[in-house]
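As structure tokens, the structure follows; a few thoughts come after it.
We did not get these values from a lab; they are worked out from the coordinates using the rules stated. Predicted model, so just to flag it, every value in this text is computed and none were measured. Glycine gets a Cβ as well: all are built from the backbone with ideal geometry, and neighbour counts include every protein chain shown.
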Amino acid sequence: MQNEPSKPLRKIIHIDMDAFYASIEQRDFPEYRGKPIVVGGSPEGRGGVVATASYEARKFGVRSAMPSKRALQLCPDAIFVRPRFDVYKEVSRRIREIFHRYTDLIEPLSLDEAFLDVTQDKLQIGSAIEVAKLIKQAIKDELRLTASAGVSVNKFVAKIASDMQKPDGLTFIGPSAIEDFMEKLPVEKFFGVGKVTADKMKRMGLHTGADLKKLTEADLTQHFGKPGRFYYRIVRGIDERPVEPHRETKSLSAEDTFPYDLTTLEEMNTELDKLSLTVHNRLVKYNLKGRTITLKVKYSDFRQITRNLSLSYPVNDVATIQATARQLMAAAFYEDNKVRLLGIGLSNFGEILPPANGQLELF
């Protein structure tokens, strides 16, 4: 692994709570323990979206952002539970208090995960592994929940490591092991590599980090654009991004590239409805509402347009997102245009105010 001699190695921890919402429900309601719990919208009627699922439900293939109807098909015995976001936010606040005992360099990614830089921890423990153990134990003792931790010298590796021994895991990947670890990592596990990019890489014979490492930076940039530079560095274990305590989310989006071109407005609206559900679920996860809704359209000739509409108040309900996206699509649609990609984004975030009953409209 390459490091500048003048720079001391950082000590980065990524903490990721285990099935956060579902685990809180199982903690608070003994009758849910050991059962397949799905937190999210009801599968009845119009149907909702899965916010998260317990590990008992995940064994059946139930995943976040999945339509609740599909979750019920996969796991007929699933128990659907309405989310209690006020409770989840309070638990998240208490988890942050535990983090702050050891460092103030905390970068929250959502209610249930965060990066911590403990290069110089407050209690002068000196060992990031020991700090991670103490944090995990405090969460277990004080909140009766489990968390998984990844420990390394940069954010990328720490985040991947936290997912390796879930639930209740702790994985350390030290400096001398990083390059070997990255070489064995499947390309779909790399940050920024979605399904389309992963498929393209595999068609090129690139299946692991070791395969990517054979290409020059110029080669990777030629094939993958600006992200190619990131792939070149990260496969060599180089990630200098700092932990940012005051990072502010500016926008949130979801997009999809289709295996065939869409040619009718009906097809496009169907895909926009799916993307709206994904965006809604992410907004809820990050506790955000946005005033500006943006539509992204890429045509079969790779021409790309964006259209947006700003509302007078911030929203995150799926019905408004769907309706606005459809409105923007109708204005941009004309015959004989073939669409290969659609995306929906929200920005211009405002303060989120919980509804009086503590539940979001979708649920």
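Under 8 Å for C-alpha pairs, at least 6 residues apart: give me the relative contact order for the chain, rounded to a whole percent.
Computed value for the chain: 16 percent relative contact order.
Would you mind putting 313-322, 252-261 in packing order, based on average other-beta-carbon counts within 10 Å, highest first?
Ranked by mean Cβ neighbours within 10 Å, highest first: 313-322, 252-261.
Select from the chain the helices, each a whole stretch of DSSP H, whose alpha-carbon atoms run 20 Å or more along the helix axis and whose Kyte-Doolittle mean is at least -1.0; answer none if there are none.
Passing helices, by number: 85-100, 128-143, 265-285, 318-332.
Among GLY169, GLY225, GLY40, whose mean-square fluctuation peaks in a Gaussian network model of the chain (Cα, cutoff 10 Å)?
Maximum among the listed residues: GLY225.
Sum up the charges of everything whose Cβ sits under 9 Å from the Cβ of LEU143, counting Lys and Arg as +1 and Asp and Glu as -1, but leave LEU143 out.
So the environment of LEU143 carries a net charge of +2.
Across 10 Å bins from the origin, how do the percents of Cα pairs in the chain run, short distances first?
5, 20, 28, 29, 14, 2, 0
Lys and Arg at +1, Asp and Glu at -1: add these up for the other residues within a Cβ distance under 10 Å of ASP77 and post the number.
Result for the local shell: 0.
May I ask for the net charge around THR278, where only other residues with Cβ less than 12 Å from the Cβ of THR278 are counted and Lys, Arg are +1 while Asp, Glu are -1?
Charge balance in the 12 Å sphere: 0.
Fully extended, how many nm does the chain gain between GLN327 and LYS133 (0.36 nm per residue separation, minus their Cα-Cα distance)?
Full extension from GLN327 to LYS133 adds 64.8 nm.
Under 5 Å between amide H atoms, partner at least 5 residues away or on a different chain: which partners does LEU109 have, H built in plane at 1.01 Å?
Sorted by chain and number, the residues that satisfy this are ALA114, PHE115.
Checking the a/c ratio against 1.5 first, then a/b against b/c, what shape does the Cα gyration tensor give for the range 178-234?
Taking the square roots of the gyration eigenvalues as a ≥ b ≥ c, the range 178-234 is rounded.
Go through 152-161, 266-275 and give me the packing order, highest mean Cβ count within 10 Å leading.
Descending packing order for the listed peptides: 152-161, 266-275.
Loop-only check: which trypsin sites (Lys or Arg not before Pro) in the range 227-267 are DSSP coil with at most 10 other Cβ within 10 angstrom?
LYS250
Is the range 207-268 best put as rounded, prolate or oblate by its Cα gyration tensor, with a ≥ b ≥ c the root eigenvalues, rounded for a/c under 1.5, and otherwise prolate when a/b is larger than b/c, oblate when not?
oblate
By per-residue mean of other Cβ atoms within 10 Å, what is the highest-first order of 333-339, 279-285?
Averaged packing, sorted descending, gives the order 279-285, 333-339.
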